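S.K.: Encoded as structure tokens, here's the structure I'll be asking about.
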Amino acid sequence: MGLVSLDAPLISNLDVSINIALIKQYHDNLHKDEAERIVIHYLRRYGMEKIARQRNALLTERERFCVMLLRAAMVADAVIAIDRPFKMVPDLQNARFIYDALKNIDDSFTECHIFDYSWDEDRYRVTDD
Amino acid sequence: MIWAVERIGTSSLVVLKSFQDTLSFAITTFLRMFRRETYNSAMRMVLVHQIYFTAVQILPLFTIISIIFGSLFIGIVFQVIKNLGLVEYLGRILMGFVVAELSPFITVLLIALRSSSAINAEIAVMKVNNELRTLEVFNIDVVNYLFLPRIINGVISVVMLSSLFSVLALTSGLLFSMLIFGMSLDVYTNALLNSANFYDIFISIIKCCTFGFFITLIPIRFGLHASNELTSIPVAVLNGMVKVFIAIILIEVLSLILRFI
């Protein structure tokens, strides 16, 4: 399972690219260059390839969320669990950004479950238009 | 009186428990070194980075210190040898003193000052920030991914830098031997080679490996003692570094006992 949560922060002394690539390198023994190539490919989908060499402290909340989502998606046959996303990106009015972020990488995970407080339920009712 | 005895007993038990825990942690990590699956791509990358930070970045400073300390010590040793009329023991003294004792000791002090403290703080910060938990969540073994690369790097770096120190010190010894004794390169080299004792070199390498192992293992162990508060980081670093220096002294004493029994 790939967890996206404030309780599982990014590793602060690794840059974005290595934070995400680490999962593939460790579990699939993928070479660093190959793992980073995959990471850049996914970061491009968010238009965030420029943050590949940045560390956690320099990221915006939205960038951090996408990076954590990508890291979770790197788990083989990933079942992604997102824990209270509005706590990670507090300035969101509704879940549009979260749905878009998931849609951008929907080929990289099998399931996704979002866990949040019941009083935030309305924020998840987003129309397609 | 009973109160004092109880206090001494409690303190002794705490020290013994800490020693036992460190040894148990050392055995666990040591055994992991010989497992093939430990060396995956992520671990190898961390190992290369660690060697760069510990053994390569320090090279300019280390070279200057080696030349200054090496020349100073060799100069003093040569002057004493000359005054006491012990020129025939020159090679033996250089190999026994510089290669077997001085090089590992100066090297381990420099690496402990620079890298052990960094490792201690790094692990403590990771503990405070919940980053160790992140690794667990993603099923990444912290011993394999975080600890072993640092420990193996410690062993490799101390052995390599200690060898470099010996080479630089012995090279400056060549200059002093020319200046003080008027000795040629051939005579100096022969004196060193004839005095090279396999047992001394073996003990020296084992000592460097032991130094490297413990000056990285102890900071890791004490870094893990940090709680969830930022204020626990300096306490963890302080405790770890004190134990590192105790370990250095203990290993030095043990190696001396081993060499001279």
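S.K.: Starting from the Cα of A:HIS31, step 7 Å along the direction of its Cβ; do the same at B:LYS17; then give the gap between the two resulting points in nm.
M.R.: In this crude spin-label approximation the distance works out to 5.0 nm.
S.K.: Once you charge only the Cβ atoms, +1 for Lys and Arg and -1 for Asp and Glu, what is the size of the charge dipole of chain B about its Cα centre, to the nearest 20 debye?
M.R.: Dipole size: approximately 180 debye.
S.K.: Which whole-Hz ³J(HN,Hα) couplings does the range B:164-178 yield from phi under the Karplus relation 6.51 cos²θ - 1.76 cosθ + 1.60, θ = phi - 60°, glycine and proline marked x?
M.R.: Taking θ as phi minus 60°, the curve returns 4, 4, 4, 4, 5, 5, 5, 5, 5, x, 4, 4, 5, 5, 5 Hz for the range B:164-178.
S.K.: Also, quick follow-up: What is the range B:146-261's relative contact order, in percent, from Cα pairs under 8 angstrom and six or more apart in sequence?
M.R.: 33
S.K.: For the range A:30-129, run through the trypsin sites (Lys or Arg not before Pro) and keep only the ones in DSSP coil with at most 14 other Cβ atoms within 10 Å of their Cβ.
M.R.: Filter output for the range A:30-129: A:ARG53, A:ARG125.
S.K.: Per 5 Å bin, what is the whole-percent P(r) computed from every C-alpha pair distance within chain A?
M.R.: 2, 11, 22, 24, 22, 11, 5, 2, 1
S.K.: Taking every DSSP beta bridge that has both residues in the protein assembly as shown, what percent is antiparallel when rounded to the nearest 5?
M.R.: About 10 percent, rounded to the nearest 5.
S.K.: I've got another one for you. What is the angle, in °, between the Cα long axis of helix B:185-195 and the longest principal axis of the Cα atoms in chain B? Nearest 10 is fine, range 0 to 90.
M.R.: It works out to around 60 degrees.
S.K.: What lysines sit close enough to A:LYS32 to cross-link, taking a C-alpha to C-alpha distance under 20 Å and skipping anything fewer than 8 places away on the same chain?
M.R.: A:LYS24, A:LYS50
S.K.: Further, regarding this structure: Angle between the Cα long axis of helix B:2-32 and the longest principal axis of chain B, 0 to 90 degrees, nearest 10?
M.R.: Result, in degrees: 80.
S.K.: Moving to a separate point now. So how many Lys-Lys pairs in chain B land under 30 Å Cα to Cα, not counting same-chain pairs under 8 apart?
M.R.: 5
S.K.: Another one. So, with +1 on the Cβ of K and R and -1 on the Cβ of D and E, and no other charges, what is the size of the charge dipole of chain A about its Cα centre, to the nearest 20 debye?
M.R.: My answer is approximately 480 debye.
S.K.: Nearest-5 percent of antiparallel DSSP beta bridges in chain A?
M.R.: 10
S.K.: Please give the helix B:232-260 orientation as an angle from the longest Cα principal axis of chain B, in degrees from 0 to 90, rounded to the nearest 10.
M.R.: 40
S.K.: Now for a separate question. Please report the relative contact order for the range A:2-124, taking Cα pairs under 8 Å with a sequence separation of at least 6, and give it as a percent rounded to a whole number.
M.R.: 32
S.K.: Calculate, for B:VAL143 and A:ALA57, the FRET efficiency according to 1/(1 + (r/R0)^6) with r their C-beta to C-beta distance and R0 30 Å; round to the nearest 0.05.
M.R.: Result of the calculation: an efficiency of 0.65.
S.K.: Can you figure out the FRET efficiency of A:HIS113 with A:GLN93, using R₀ = 22 Å and their beta-carbon distance, to the nearest 0.05?
M.R.: For A:HIS113 and A:GLN93, the calculated efficiency is 0.50.
S.K.: Here's another thing I want to ask about it. Need one number for the protein assembly as shown: average projected area of the convex hull over its C-alpha atoms, nm².
M.R.: Average projection, Cα convex hull of the protein assembly as shown: 27.4 nm².
Coordinate-derived values only; no laboratory data. Since this is a predicted model, take the numbers as computed values, not measurements. Neighbour counts run over all protein chains shown; Cβ positions are idealised from the backbone, glycine included.
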